[in-house]
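Asker: Below are the structure tokens for one structure; questions will follow.
Computed from the coordinates by the stated procedures, all read-outs in this text should not be read as laboratory data. Bear in mind that the values here come from a model prediction, so they are computed numbers and not experimental data. Neighbour counts run over all protein chains shown; Cβ positions are idealised from the backbone, glycine included.
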Amino acid sequence: MRADENKSKVYTQEVGKLRIYSTTLRKEYHDKIINWVDQVLLPDGTTGEALTFVLPTRGCKYATASHGGCTMCTLPTDNPLAPTIELLNSLPKRTLEIFNKKGGKERFGAVKFYTSGSFLDRWELPFENQRNIISTFVDIVQEITIETRCEYVTKKNLDNITSVMDPQKLTVAIGQETTNDEINRRSINKGHTFKQFKRAVKKLQSYNIRVKGYILLKPVFISELTALKDAIQTGKDMIALGVDSISINPSYIGKATLMEKLFKGDEYSPPWLWTVYFATLKIKELAGDITVISDPVAAGSDRGPSNCGKCDKGFKRILKEFSSKQNIEILFDEELACSCQEVYRSAINTEHISCGFGVTYHY
């Protein structure tokens with residue numbers, strides 16, 4: 001076995017061990033539907049609200065493989081290991097009850113259905129369940145968003161969904177994370193390539209389905225400056241493909257992940273909010289009318305993107321406001337002027353000079 005193949009094997013074994021541990025944190029069964037409200041830009045161009053659901057499916061199949069799935073992902077820990085078919089059958093009624101209780105169609109212009117995996121994966125949600133959930137909401141909101149990995153964007157899966165709804169009301173979000181295959185393989189362990197993402201985007205566009213691309217800002221094993229450049233390049237590549245929206249997702253430290261292990265060993269830190277800001281500004285300048293979303297999770301905390309502490313709340317508020325209104329002038333608010341910018345520039349340049357590209361093997 002070649003040296004690089006052996007290192008890669010050890011790397012995935014380490015990620016796999018952490019996934020086995022994280023599985024012990026999961027409950028065998030629960031029926032909780034996590035939900036929250038977001039400010040969003042609706043298809044009609046107005047700013048409105050969306051109700052997001054995290055459905056209690058069994059979660060991402062890719063994460064259950066021996067390689068352990070993605071290095072930063074902790075989402076399947078929210079899901080039950082063995083949901084019953086009765087639970088899955090109850091989801092349309094129960095999500096509608098939550099929707100109506102929180103304000104209904106008078107309040108919400110959109111809904112989002114997340115499964116901590118892929119909505120289009122029949123292993124998580126059988127075809128009938130997918131159709132029933134979509135059918136429940138298709139006539140009462142402007143937009144329905146679902147998430148999936150590239151491999152589930154197939155004719156059979158899309159025909160199933162579009163049999164019960166106008167495809168132009170559907171947005172499919174894909175966590176490509178980066179269009180750099182080397183970073184995707186070594187830093188994220190994503191399991192698919194940019195070529196597969198392009199194929200999935202073209203397939204969705206052939207159905208007139210809107211596409212959202214996710215960018216992971218600062219995966220493990222790369223420097224801050226490389227992370228910024230990679231996010232911008234990924235944004236360029238997604239824009240060239242004609243995606244309808246781009247979501248910039250700065251890394252935060254999830255429990256029982258490789259990212260957390262490196263974080264605890266002082267070998268990784270979440271990105272600066274300055275990095276999030278510059279990535280958002282540049283990608284929006286390039287994107288034009290394409291929607292660019294940047295709403296950092298855990299911003300200002302030790303486990304999320306942060307600056308000096310004094311300006312963190314201002315950055316979080318302004319990025320959130322920009323995401324819901326898409327007015328680039330919001331990103332030039334004077335509240336973002338902070339002396340820590342000079343510290344930031346010095347820190348990332350010093351790191352880049354000393355570490356270079358930053359992709360290394362730790363295992």
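Asker: Based on DSSP H runs of at least 4 residues, each adding -39500 (n - 2.57), what is the mean residue ellipticity at 222 nm of the chain after dividing by all its residues, to the nearest 500 deg cm²/dmol?
Answerer: -12500 deg cm²/dmol
Asker: Taking H as built 1.01 Å from N, whose amide H comes closer than 5 Å to the amide H of Val292, not counting residues under 5 places away?
Answerer: Counting only residues 5 or more places away or on other chains, the set is Ile246.
Asker: Kindly provide the chymotrypsin sites (Phe, Trp or Tyr not before Pro) of the stretch 273-320 that DSSP labels as loop, not H, G, I, E or B, and whose Cβ sees at most 11 other Cβ atoms within 10 Å.
Answerer: In loop regions of the stretch 273-320 (DSSP not H, G, I, E or B), there are no sparsely surrounded chymotrypsin sites (Phe, Trp or Tyr not before Pro).
Asker: Can you order the peptides 128-136, 99-107 by their average number of other Cβ atoms within 10 Å per residue, highest first?
Answerer: 128-136, 99-107
Asker: Taking the Cα centre of the chain as origin and charging only Cβ (+1 Lys, Arg; -1 Asp, Glu), how large is the dipole, in debye to the nearest 20?
Answerer: That gives the chain a dipole magnitude of about 920 debye.
Asker: Just to be sure I understand, if you calculate mean projected area of the Cα convex hull in nm² for this structure, which of [x] 20.6; [y] 17.8; [z] 22.5 do you get?
Answerer: [y]
Asker: Shifting gears a bit: Checking the table Lys169/Lys212; Lys112/Lys325; Lys229/Lys313; Lys236/Lys282 against a 20 Å threshold on Cα-Cα, which pairs fail?
Answerer: Lys229/Lys313
Asker: Charges on Cβ only, +1 for Lys and Arg, -1 for Asp and Glu, centred on the Cα centroid of the chain; of Val54, Asn189, Ile239, which one is farthest towards the dipole's positive end?
Answerer: About the Cα centre, the residue reaching furthest to the positive side is Asn189.
Asker: Hey, another quick one. Percent relative contact order of the chain, based on C-alpha pairs within less than 8 angstrom and at least six residues apart?
Answerer: It rounds to 15 percent for the chain.
Asker: Spin-label point model (7 Å from Cα, Cβ direction): what's the Glu321 to Lys202 distance in nm?
Answerer: Distance between label points: 4.3 nm.
Asker: Using +1 on the beta carbon of Lys and Arg, -1 on that of Asp and Glu, and nothing else charged, what's the dipole of the stretch 132-217 about the Cα centre, debye to 20?
Answerer: Here the size comes out at about 400 debye.
Asker: Students often forget the sequence filter, so: which aspartates and glutamates lie under 20 Å Cα-Cα from Lys156 once same-chain residues fewer than 8 apart are removed?
Answerer: The reachable aspartates and glutamates, counting only those whose Cα sits under 20 Å from Lys156, are Asp121, Glu124, Glu128, Glu147, Asp166.
Asker: Considering the Cα trace of the stretch 78-154, what is its radius of gyration and what is Dmax, both in angstroms?
Answerer: 12.8, 36
Asker: I want to check the label-to-label distance for Trp36 and Cys308. Put each point 7 Å from Cα in the C-beta direction and report it in nm to one decimal.
Answerer: 2.8 nm
Asker: For a quick protection proxy, order the peptides 153-162, 19-28 by their average other-Cβ count within 10 Å, most packed first.
Answerer: 153-162, 19-28
Asker: Could I ask something else about it? Can you tell me how much longer the chain between Lys105 and Ile140 gets when fully stretched, taken as 0.36 nm per residue apart minus their C-alpha distance, in nm with one decimal?
Answerer: Working it through step by step, the gained length comes to 12.0 nm.
Asker: Let's test the formula: R0 of 41 Å, r as the Cβ-Cβ distance of Glu342 and Lys264. What FRET efficiency results, to the nearest 0.05?
Answerer: Calculated value: 0.90.
Asker: May I pose another question? Place a +1 charge on the Cβ of each Lys and Arg in the stretch 101-250 and a -1 charge on the Cβ of each Asp and Glu, then give the dipole magnitude about the Cα centre in debye, rounded to the nearest 20. Let's see the in-between values first.
Answerer: Values: 24 positive and 17 negative charges, 16 e Å.
Once rounded to the nearest 20, the dipole reads 80 debye.
Asker: In which sequence would Val37, Val276 go, from the one with the fewest C-beta neighbours within 10 Å to the one with the most?
Answerer: Numbers: Val37 13, Val276 29.
Result, fewest neighbours first: Val37, Val276.
Asker: Let me ask something additional. Of the peptides 265-271, 338-344, 247-253, how do they stack up when ordered by the mean number of other Cβ atoms within 10 Å, highest first? Mind showing how you got there, number by number?
Answerer: Details: 265-271: 16.3, 338-344: 14.7, 247-253: 22.1.
Put in order of decreasing packing, that is 247-253, 265-271, 338-344.
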